[in-house]
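A short worksheet on the structure shown next.
Just so it is clear, none of the values below were taken in a lab; they were calculated from the coordinates. Source: prediction; values computed, not measured. With ideal geometry, Cβ positions are generated from the backbone for all residues, glycine too; neighbour counts draw on all protein chains shown.
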Amino acid sequence: MRHHNAAISKGIDWSLIWIYLALVLIGLAAIIAATYQEGDAFFQSLLAFKTDYSKQFYFLLIAFIVGFFILLTDSKFYPATANFWYVVGIVLLLLVFPFHSRIKGTESIIRIGAFNFQPAEFCKLFVALALAKYLSRPETNFNLPRAQLIAALVVLVPAAMAILQSETGLALVYFSFFMVMYREGLPAVIPALAISFALLIIASILIPPNLLALLLTVAVLLLIWFSRRQIRRRRQILTTLLFLWVIAVGIQRFAVPFIFEKLLQRHQVERIYNLFGKDNPYDPMQRVLSETEAKKKKESGSSYNVRQSKIAIGSGGFFGKGLLSATQTRYDFVPEQRTDFIFCTVGEGFGFAGSMLLLGLYLALLLKMISIAERQRSVFSRVYAYGVFSVFFFHVVVNVAMTIGLAPVIGIPLPFISYGGTSLLTFTMLLFVLIRVDADRQMVLR
């Protein structure tokens with residue numbers, strides 16, 4: 001028995017497990033703070049599977065069991081079955097279309113009895129494994145466009161299916177895997193183009209269309225003027241600059257309106273424009289509302305969540321009001337305070353000190369993931385580690401930023417903190433598979 005326990009713990013980085021335990025316990029405490037009702041017999045309700053914190057407690061026990069069994073598996077199991085799990089994930093996403101339940105505007109959830117199951121969440125694990133498997137193949141030359149395209153499709157197929165299921169926020173998480181591809185040799189021009197596209201969308205929100213088109217034209221003319229000597233020697237430079245001008249104006253004139261009118265839902269567009277303090281021009285009601293009505297609509301719309309979240313965080317002060325003494329989150333002033341906006345529950349209950357402790361734990365977790373990724377001998381293990389890092393990094397940064405009004409509200413959970421069994425189990429599996437493959441870091445996995 002002692003020999004068996006030693007075999008389980010051999011090579012395991014226990015610092016990750018301790019950080020994990022600290023985060024899930026903080027998460028459980030935050031859910032209790034947000035949902036506990038005065039007069040409830042706490043321990044009885046904790047075991048009754050009727051309250052949210054009771055359900056999260058059982059989800060946590062299941063996650064512990066799953067994590068323990070992952071540590072018992074052979075690390076070779078993951079590269080050997082990566083493609084199989086990816087196919088399983090795609091099949092689950094396809095099953096959503098005929099069997100989904102529409103819950104809070106999303107069509108990505110399958111209801112099984114009393115449980116809600118969201119395949120798009122689990123698929124993050126399957127994509128991380130499949131991408132690591134593909135990039136670690138000896139015959140994969142990631143310098144070739146064909147290999148880059150295949151890797152991109154591995155990521156984009158489930159992302160596109162998530163969009164079709166009205167889960168645009170969750171679909172954006174999949175784009176974090178391009179950080180992994182960049183680490184593995186994706187040309188810098190591709191992320192540069194993606195950033196330029198995002199900046200052009202922001203400019204389209206902040207600047208009137210005709211003025212923005214004029215500014216883009218002036219910018220290109222200035223580039224042509226300052227590059228005139230190089231253009232005399234290489235005519236391709238002029239062609240490239242003119243092509244970029246056509247693309248930029250085309251995106252601003254046609255692509256951006258198409259995205260806001262056809263791809264994004266109305267409430268998502270509303271949230272993006274609220275972030276920049278602008279009225280939504282794509283809302284047909286906006287044109288017929290009076291100034292007073294428009295103001296009331298804005299105050300009761302998607303910006304309400306962020307405003308109440310800021311009030312809750314600010315009211316927590318330095319040390320917080322205490323676990324069960326918060327007012328904003330205890331009395332439901334903040335919508336979704338146990339899920340997407342749970343960071344404000346931490347901020348009000350535990351204050352600035354508690355919030356910094358939580359962010360410090362996340363920072364330690366992310367830095368440890370980078371350290372683990374760089375010490376791997378196996379390409380599979382390194383790519384998988386960076387995949388897990390990318391998913392966690394995106395979730396933490398975007399969730400906290402949207403809670404304090406620095407990012408649009410896209411509805412993604414805070415890892416290990418937000419309420420939800422699928423989310424907790426997915427993040428647990430992502431992390432514990434990383435711990436398992438890292439335990440055999442001297443081995444080359446393929």
Next item on the list: Please build a GNM for the chain, connecting alpha carbons under 10 Å apart, and tell me which residue among Lys310, Lys368, Lys262 fluctuates the most.
Entry: Lys262
Notebook entry, point to check: Fewest first, what order do Val249, Val91 take by the number of other Cβ atoms within 10 Å?
Noted result: Val91, Val249
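Taking the chain, how much of its Cα-Cα pair set, in percent, is spaced more than 42 angstrom apart?
21 percent
Kirkwood Rh, the range 345-399, all Cα pairs: how many Å?
Numbers: mean 1/r = 0.0815 Å⁻¹.
One over the average 1/r among Cα pairs gives 12.3 Å for the range 345-399.
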Checklist line | Charge dipole (the chain, unit charges on Cβ, about Cα centre) - positive-most of Val269, Tyr36, Phe59 | finding: Val269
Next item on the list: Please state the charge dipole magnitude for the range 106-230, taken about the Cα centre, from unit charges on C-beta atoms (+1 on K and R, -1 on D and E), reported in debye and rounded to the nearest 20.
Entry: 380 debye
Notebook entry, point to check: Which of Thr73, Thr339 comes first, and how do the rest follow, when ranked by fewest Cβ neighbours within 10 Å?
Noted result: Thr73, Thr339
Next item on the list: Report, by chain and number, residues whose modeled amide H sits under 5 Å from the one on Ser108, excluding near sequence neighbours (fewer than 5 apart, same chain).
Entry: Ile103
Item checked: ³J(HN,Hα) computed for each position of the range 157-163 - Karplus, 6.51 cos²θ - 1.76 cosθ + 1.60, integer Hz, glycine/proline x -> 4, x, 5, 5, 5, 5, 4
Checklist line | Which of Lys278, Lys124 has the fewest Cβ neighbours within 10 Å, and the rest in rising order | finding: Lys278, Lys124
Next item on the list: Express the Stokes-Einstein translational diffusion coefficient of the range 140-243 in µm² s⁻¹, to the nearest whole number, given a Kirkwood radius over alpha-carbon pairs, 25 °C and a viscosity of 0.890 mPa s.
Entry: 147 µm²/s
Margin query: If I take the Cα coordinates of the range 333-446 and project them onto the principal axes, what are the three extents in Å, biggest first?
Written below: 52, 27, 21
